[in-house]
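Each remark here refers to the structure printed beneath this line.
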């Protein structure tokens, strides 16, 4: 068995986008590339091989069943007359658009107390010739995604990444422009991802191609953003938390500029339980954390102030939203976001205001949106045709696409509200753990409803995952800050915005 963990640790952070999904690590030794990878080698190991097998034979796997095949120095075990057949077998199990990742030393790495390794005699041009033969002779073609000579004082190796494509032949990737590249790192919920998008135009003005390191959920939200030139995707929890520092340091070595917006709001301007700043006195949090979220994000990114956050629908999504708006008739349309991602982001008097609105403005149409859990909040309106229940039925992209076409948008501090902050649509925002300065001071056409002064815990500037640190209203079961915003105030705000907008229509 090779001393594989050293090779894997050397290269794994560079192949994150290519080793997502379900894949195998061939010849993994004592540590496979990711905990979720399927390690295969001659000998089983707790962190390495979970299958003991000759890695030349992948008969356990069906054709085109894996997202990636990774191997560090596995090919060096075999004679040259076996290697092409081995590569064909590895290529067989990869799905179209999947990846073959090969890391091969030119010579044996010098490692104290290392186990003996097989001779490293496979050259870069030889690998290319083999993969060209595979691409030109089989039903699927080969695209070279990475062809990286990693020869340094400490490393004599080459990294190859090949993508399986539908078009036969051997092709070079055209993804890289040769321009300087800025990588923006942002994970989290869709609201967090949208906040990051505000810095993209500024980076483009500074002459960068903009790349985004996020998860598939983040890419879904930003899929049509015209300012993005490339993606560095990773699966949720693909990188163990304790390795993120090393991972981010590796990324800094391969981009001209790296802007890490992780915890730029959560953990910084909104405290996380058991962190030091979460135990500050209430007044200390209000003094030190009462800053506009977007201003802080722009300062961290080194781009000019002024939010440019915008959701970009596709052409098809925009057409769908327009058709939906027309189908609802000429009366006012209200989009109501029922809940956010935390316990305090749910307002308890929605039914009261919906009933009053339909009496006051019978021509109005109200669309309710939220996640699957919000269907419970919609239950009482199933027989009212003027209320459209869309929680758990519409995707977040459909909700965001439609939001800019309504007259009034109502909801708590959520990504939908943030996405529409600069749009002309009227907005009624329920504030809970954040202040007007934090969230909406730069928004247009917005009425921000904050709790009255007797709610002494507001604003707490805290993230809440339960009721341990959040005061609960005994009568409604909602957070105290939410329950203290009265139906009358909300009703008046909506009617005011409806009057304003119908005068302009």
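The values are calculated or read from the model by the stated rules, or taken from the named source; none is laboratory data. This is a predicted model, so every value here is computed, not measured. Cβ coordinates were reconstructed from backbone atoms using ideal geometry, including for glycine residues, and neighbour counts include every protein chain displayed.
Overview of values
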{"read-out": "Segment 125-149 - residue that is part of a loop (DSSP other than H, G, I, E, B) and touching a residue at least 40 places away in the same chain (Cβ under 8 Å) and, of those, surrounded by the fewest Cβ atoms within 10 Å (Cβ to Cβ)", "value": "138"}
{"read-out": "Which listed residue is on the phi < 0 side of the Ramachandran plot and outside any loop (DSSP other than H, G, I, E, B), from 227, 254, 242", "value": "242"}
{"read-out": "Single match in 89, 30, 97 (criterion: touching a helix residue (DSSP H, G or I) at 6+ places or on another chain (Cβ under 7 Å) and surrounded by fewer than 23 Cβ atoms within 10 Å (Cβ to Cβ))", "value": "30"}
{"read-out": "In segment 10-27, the residues that are under 17 Å from residue 234 (Cβ atoms) and out of contact with any helix residue (DSSP H, G or I) (no Cβ under 7 Å at 6 or more places or on another chain)", "value": "11, 12, 15, 16, 17, 18, 19, 20, 21, 22, 23, 25"}
{"read-out": "Filtered residues of segment 323-359 (kept if out of contact with any helix residue (DSSP H, G or I) (no Cβ under 9 Å at 6 or more places or on another chain) and farther than 30 Å from residue 462 by Cβ)", "value": "323, 326, 327, 328, 329, 330, 331, 355, 358, 359"}
{"read-out": "Residues located in segment 171-209, provided they are in a strand (DSSP E or B) and within 18 Å of residue 14 (Cα to Cα)", "value": "181, 182, 183, 184, 185"}
{"read-out": "Meets criteria (surrounded by fewer than 19 Cβ atoms within 10 Å (Cβ to Cβ) and either at pLDDT 95 or above or touching a helix residue (DSSP H, G or I) at 6+ places or on another chain (Cβ under 9 Å) (or both)) for residue 275", "value": "no"}
{"read-out": "Output for segment 53-83, where each listed residue is farther than 19 Å from residue 104 by Cα and touching a residue at least 12 places away in the same chain (Cβ under 8 Å)", "value": "53, 57, 58, 61, 62, 63, 64, 65, 66, 67"}
{"read-out": "Conditions (1) more than 15 Å from residue 431 (Cβ to Cβ); (2) surrounded by 20 or more Cβ atoms within 10 Å (Cβ to Cβ); number of the one not met by residue 468", "value": "(2)"}
{"read-out": "Selection count where residues are within 19 Å of residue 262 (Cα to Cα) and assigned to a helix (DSSP H, G or I), scope segment 289-315", "value": "10"}
{"read-out": "Failed condition for residue 273, given (1) over 20 Å from the mean Cα position of the chain (by Cα); (2) part of a helix (DSSP H, G or I); (3) in contact (Cβ under 8 Å) with a residue 24 or more places away in the chain", "value": "(2)"}
{"read-out": "Qualifying residue in segment 316-328 (condition: at pLDDT 95 or above, outside any helix (DSSP H, G or I) and over 16 Å from residue 410 (Cα atoms))", "value": "yes"}
{"read-out": "Condition met for residue 242 (surrounded by fewer than 15 Cβ atoms within 10 Å (Cβ to Cβ) and touching a residue at least 40 places away in the same chain (Cβ under 8 Å))", "value": "no"}
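Conditions tested, residue by residue: (1) without any contact (Cβ under 8 Å) to a residue 60 or more places away in the chain; (2) under 29 Å from residue 413 (Cα atoms); (3) within 16 Å of the chain's Cα centre (by Cα); (4) in the same structural domain as residue 398 (by TED's automatic domain parsing).
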| residue | (1), (2), (3), (4) |
| --- | --- |
| 194 | no, yes, yes, no |
| 198 | no, yes, yes, no |
| 208 | yes, no, no, no |
| 224 | no, yes, yes, no |
| 234 | no, yes, yes, no |
| 252 | yes, no, no, no |
| 257 | no, no, no, no |
